[in-house]
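Heads up: the structure comes next, in structure tokens.
No value in this document is a laboratory result; all are computed from the given coordinates. Note that the structure is a prediction, hence the values are computed from the model and not measured. Cβ coordinates were reconstructed from backbone atoms using ideal geometry, including for glycine residues, and neighbour counts include every protein chain displayed.
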Ligand code: 3MF
Ligand code: MG
């Protein structure tokens with residue numbers, strides 16, 4: 001069954017191990033070296049932030065940016081890899097400190113819109129039509145600092161600007177309820193999809209659902225996926241796991257709650273996710289103290305768990321599920337699923 005799904009991750013998923021309280025624990029790995037690892041780990045797609053492809057892009061002209069992105073395209077060709085998406089990194093430049101599109105400062109909003117256009121240029125050069133928008137700082141630490149109605153107007157205008165800039169691109173909004181903000185304006189799948197309907201071309205706006213982000217919002221990721229699938233809005237996913245309500249952990253897929261991972265795989269596989277070229281995207285980090293030489297196992301392990309769960313989903317006795325559901329014997333259904341996951 002492997003091979004029916006294509007997998008992707010971003011270069012940031014091979015990570016130095018730093019956290020806000022301590023030193024980095026692993027050496028940085030150069031981008032070119034990371035690219036060489038993709039196929040070996042079983043991955044065909046690369047997710048990009050704009051500046052993963054073109055570092056230091058704020059200091060370059062639009063033409064220089066495209067030229068550098070084209071060089072990256074050649075590197076991908078050399079490795080037989082596809083670019084899955086490009087996401088504008090709108091949270092590290094000092095001009096995005098209070099958000100980009102929703103900043104109170106018009107100069108900062110202008111920066112965010114310009115940067116988003118350069119991000120689209122990079123996507124075109126890398127030959128992908130998908131832009132992911134993680135709206136990192138589009139929120140507040142204290143409610144009174146921004147106008148929440150105006151913020152949503154501004155987000156819709158910013159998306160409109162991107163849609164108008166290039167008629168061939170699609171945008172997948174990646175909702176997240178918190179971190180680095182106290183509260184964000186687009187915390188859930190429903191918010192992200194509703195924002196899409198405020199824009200000039202809702203057909204081209206969908207979502208990127210990250211398991212951990214849904215869990216941080218107190219929601220079940222598989223139900224979030226079902227909601228997006230019902231609207232045909234699931235443009236991509238960021239599978240990972242999360243142990244309760246705390247900082248965003250980006251744990252290996254299924255490692256905190258295998259059943260919750262099974263439910264995500266079940267809904268994706270049932271509705272033919274991937275059949276129209278969607279990647280199974282991961283957004284996972286190695287454990288902070290994992291040694292350098294083995295700090296890619298979280299990626300191959302997440303893929304292995306996904307494929308194993310596809311097998312388990314397909315071998316589940318669905319007629320038994322139906323019969324127990326009809327009989328309202330939920331306790332027995334519960335045990336059926338647990339036994340199935342335990343291989344019993
Ligand atoms: C943050 C995230 C981000 C986004 C990425 C692509 C660093 O919680 O999940 O990963 O996925 O920026 O949009
Ligand atoms: Mg993510």
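Below is a table of values for the structure above.
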{"item": "DSSP-defined beta bridges in the chain - what % are antiparallel, rounded to 5", "result": "15"}
{"item": "Region 291-313-region 21-65 distance, computed between alpha-carbon centres (Å)", "result": "21"}
{"item": "Spacing of the two label points (7 Å from each Cα toward its C-beta) at residue 160 and residue 342, in nm", "result": "5.7"}
{"item": "Inter-label distance for residue 259 and residue 36, nm, one decimal - labels placed 7 Å from Cα along Cα-to-Cβ", "result": "4.5"}
{"item": "Peptide ranges 196-202, 136-142, 80-86 listed from the most packed, as the mean C-beta count within 10 angstrom indicates", "result": "80-86, 136-142, 196-202"}
{"item": "Pairwise label distance in nanometres, residue 71 with residue 311, each label 7 Å out on the Cα-Cβ vector", "result": "4.4"}
{"item": "Helix-only CD estimate at 222 nm, as mean residue ellipticity for the chain, using -39500 (n - 2.57) per DSSP H run (n ≥ 4)", "result": "-13500 deg cm²/dmol"}
{"item": "Difference of contour (0.36 nm per residue) and Cα-Cα distance, residue 63 to residue 288", "result": "77.2 nm"}
{"item": "Global geometry of region 2-316, whether rounded, prolate or oblate, following the gyration tensor of its Cα atoms and the 1.5 cut on a/c", "result": "rounded"}
{"item": "Segment residue 104-residue 149, length gained on full extension (0.36 nm per residue, minus Cα span)", "result": "14.9 nm"}
{"item": "Relative packing of peptides 207-217, 234-244 - highest average C-beta neighbours within 10 Å first", "result": "207-217, 234-244"}
